[in-house]
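Here the structure comes first, spelled out in structure tokens, and everything after it is commentary.
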Amino acid sequence: MRTASITLHRRATAHPLPNTRRRRNTARLTAATALATATLTLHGCAWTLISAVDATGSVIQAGFAAATHYSSPSFVNGAPIDVSHICIELNQNVTTGDFVPALQTVLTQRGVQSDLYGPGTAPPGCEARLVYSAAIDYGRRAFSDESTPYLSTIDLTLLQRGRVVVTARYETRGLATDRFSSASTKLGGLVGRMVVDRRAQNAPALQAARID
């Protein structure tokens, strides 16, 4: 009898009850599920963070893109003058190739014709003369490591009968978002404050003539 009791006890110890196995398996499954859920949650947070950074970058890029199509003068001294023709004195120190063509284009867009002349050779019949200067600097665009040239300073002066009538200046300051705007955009902002828009002025008359 004693021997049988010892044998039964050993068998019971060597083979745990089925309920104990179930509890252990359930505990392991619960732990694995919790770990998977935590991992997915962390990945979700990381994905949300990455998405937010991407969205912010897109907004900043859009802001810079919009700014490159707009520029405003740093200061203007004098009222816009109403002229139909301007003589532009060439400045050999301004080496930006598209500067003078851009200047003539923005004048034409306001209904003002222009001609070029060398220093000291101004035609006698000029309705107004325009002299200019400009400086180039270098900087990096947003999200780029390449150095890019840009017009950092522009000075325009209009003269009539030897007297200064309007001056305008563009100057890049600090984190100006229009730093890399084109010459045409920057000059358009200046010329728009220096000469009257003759096309807009003559538009009602032209429209009336078409109606008649």
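The values are calculated or read from the model by the stated rules, or taken from the named source; none is laboratory data. As the structure is a prediction and not an experimental result, all values here were calculated from the model. Positions of Cβ are generated from backbone atoms using ideal geometry, with glycine treated the same way; all protein chains shown enter the neighbour counts.
Number of residues in region 65-76 that are at pLDDT 50 or above and either basic (Lys, Arg) or surrounded by 13 or more Cβ atoms within 10 Å (Cβ to Cβ) (or both) equals 5. Against the definition (among the aromatic types (Phe, Trp, Tyr) and closer than 26 Å to ILE81 by Cα), how does TYR138 come out, yes or no? No. Of the residues screened, ASN202 is one that is surrounded by fewer than 14 Cβ atoms within 10 Å (Cβ to Cβ), of a type outside the set (A, V, I, L, M, F, W, C) and not in a loop (DSSP other than H, G, I, E, B).
Scanning region 135-153 for residues that are on the phi < 0 side of the Ramachandran plot and out of contact with any Lys or Arg (no Cβ under 9 Å at 6 or more places or on another chain) returns ALA135, ILE136, TYR138, ARG140, ALA142, SER144, ASP145, PRO149. All conditions but one from (1) at pLDDT below 95; (2) out of contact with any strand residue (DSSP E or B) (no Cβ under 9 Å at 6 or more places or on another chain) apply to ARG163; the one that does not is (1). So for region 174-183 (the condition being buried (at least 17 other Cβ atoms within 10 Å of the Cβ) and assigned to a strand (DSSP E or B)), does at least one residue qualify? Among the residues of region 174-183, not one is buried (at least 17 other Cβ atoms within 10 Å of the Cβ) and assigned to a strand (DSSP E or B), which makes the answer no.
Counting the residues of region 94-106 that are modelled with pLDDT under 95 and exposed (fewer than 15 other Cβ atoms within 10 Å of the Cβ) gives 3.
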